[in-house]
Amino acid sequence: MKRVLKFGVLALVWFGSTVLGVTAAALKTSAGRRVVVQSARSAISDAIQGSLQTDSVGGSFLAGLEVWNAQILDADGLPFLTVPHLQLNYSLGTLLSRRFVLGELTITDLVVNLIQVERGGPFNVDIIFAGDTLAPPVVGEPAKPYLAFRDVRIINATVTIRTPADVDDSGVVEGERRETGYYRVRRIEELNALFPHVRLLSPVPGEDPIAIDIASLAAVVNDPGFQLVDASGSAEVWSDSITFDLDAAALPETEGRASGTLFWPTGPLQFNLQIDAEQIFTTDLAGLVREIPRGLDGNANVTIRSLSEDVLVMDAEMQLSGRGGGGSVVGHLGMQFGPGDMWSQRQTNLTLQRFDLEYVRGLLDTLPVAGRVTGLVVTDGRRDSLTLDVDVTFRDSLVPDWPETYIRSSGVVSLGVLGDFVFHAYELDTADISLQ
């Protein structure tokens, strides 16, 4: 993605420089304008492993540029990037200076198709821009100029990412068969954004990544499934990662701050996220962590980290209550998901108050009881050898009048293993059992 953005700006600067090198008389005629467009399009196509196509280019070349129906195709003629309409405003002074700060870029209905044909192999974007030889032909300009945009607006963009997957992978939300195999399809849709400043190139040491100031950002993602309603802050884009610091972020019913990194070293998307939610609704995060209990709201500080492509770790300090009177939970929840269907607790320490066990039924589907729990629960370890310490009062909803039982116990259990709930060396210290 970083290479695509940089190449796009270099292409625009080259376009402007070419225009300045022809006569004003030619630019005033449609024939002269076609010559310029064809020349620039040919040069860009020669610089990539593919081709650039456009329907038309208009506007004032000394003050602004409009492009309609531009496409970048790979060597096989398959569309990689489609832009129905792009509008760029700039001044003659910016093109003649040593700092290219271009203003008011608007991209409407952008469509980007990324595909990794083979596991661990390059994406189509890496192949298309492998040469990356295009440079602005300005005499005396340093090899790496300062290139930036002001007021970048993206309207209704769509990004589709295809990576190789196994047909029987239960974690695949959307799959697709192609001639080259079976692929996991991730979509970022309804992407709308306003970036007051975007720096793409800089000669200053330490300013290698693309830097983006974010005034607003919204999108709908299918895998992992979540909706970003709005966000503001900053981000840096590297070749295989994005780091961000959002001072405000909002999901449908969650608000707070977020920071971290999204990275894809070998293709699959991985996370290192910190979420400080002043208001959180756990259902908003269910797409990121499928096993998270849904229907709880409150506040929480959540860390989500990828240890590998199929191992995810979550730690949360939280104060949550169930909607509709489902009780409450306060404390630390630590979990590891993966590899495969395995999950583990990581020094979880929770205080429950009339907490409805149905909230954790999706995770503990073999739990042999139902009802409300009040007290302290401490767990640690893999689900097949889980250390469990409880000091709780339990009210059984499967029995009339919900009789109350007090239990203090500790030991090792297996949960969700071969459909069983199994006790191993488990000691019952105290029990006050209602026999109703």
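The numbers here are math on the coordinates, done by the rules we state, and not lab data. Worth saying up front: this structure is predicted, and the values here are computed from it rather than measured. In this analysis, Cβ positions are derived from the backbone assuming ideal geometry, glycine residues included, and neighbour counts consider all displayed protein chains.
Pairs of alpha-carbon atoms within less than 8 angstrom and 6+ residues apart define the contacts here; what relative contact order does the stretch 276-392 have, in percent? Walk me through the intermediate numbers first.
Numbers: 272 pairs, mean separation 20.8, N = 117.
Value for the stretch 276-392: 18 percent.
When a/c is below 1.5 the answer is rounded, else prolate if a/b is larger than b/c, else oblate, so apply that to the stretch 271-429 with a ≥ b ≥ c taken from the square roots of the Cα gyration tensor eigenvalues. Cα axes put the stretch 271-429 in the oblate bin.
Ordering D284, D401 by the number of other Cβ atoms within 10 Å of each residue's own Cβ, fewest first, gives D401, D284. Taking a ≥ b ≥ c as the square roots of the eigenvalues of the alpha-carbon gyration tensor, the stretch 230-326 is classed oblate because a/c is 1.5 or more while a/b is no larger than b/c. For the stretch 282-353, the residue among G331, V302, S344 whose Cα projects farthest onto the positive side of the dipole built from Cβ charges is G331. Measuring r between the beta carbons of S321 and D169 and using R0 = 41 Å, the FRET efficiency lands at 0.70.
Assuming a ≥ b ≥ c are the square roots of the Cα gyration tensor eigenvalues, decide whether the stretch 183-249 counts as rounded (a/c under 1.5), prolate (otherwise, with a/b larger than b/c) or oblate. Oblate, because a/c is 1.5 or more while a/b does not exceed b/c.
Residues R186, R323, R257, arranged from fewest to most other Cβ atoms within 10 angstrom of their Cβ, appear as R323, R257, R186. Ranked by how many other Cβ atoms sit within 10 Å of their own Cβ, fewest first, the residues E404, E174 fall in the order E174, E404.
Label-to-label distance, N192 versus H332, with points set 7 angstrom from Cα along the beta-carbon direction: 4.2 nm.
Residue separation of A248 and D76 scaled by 0.36 nm, minus their Cα-Cα distance, works out to 57.7 nm of gained length.
Annotation: extensible slack from F421 through T108 equals 107.2 nm (criterion: 0.36 nm per residue apart, minus Cα-Cα distance).
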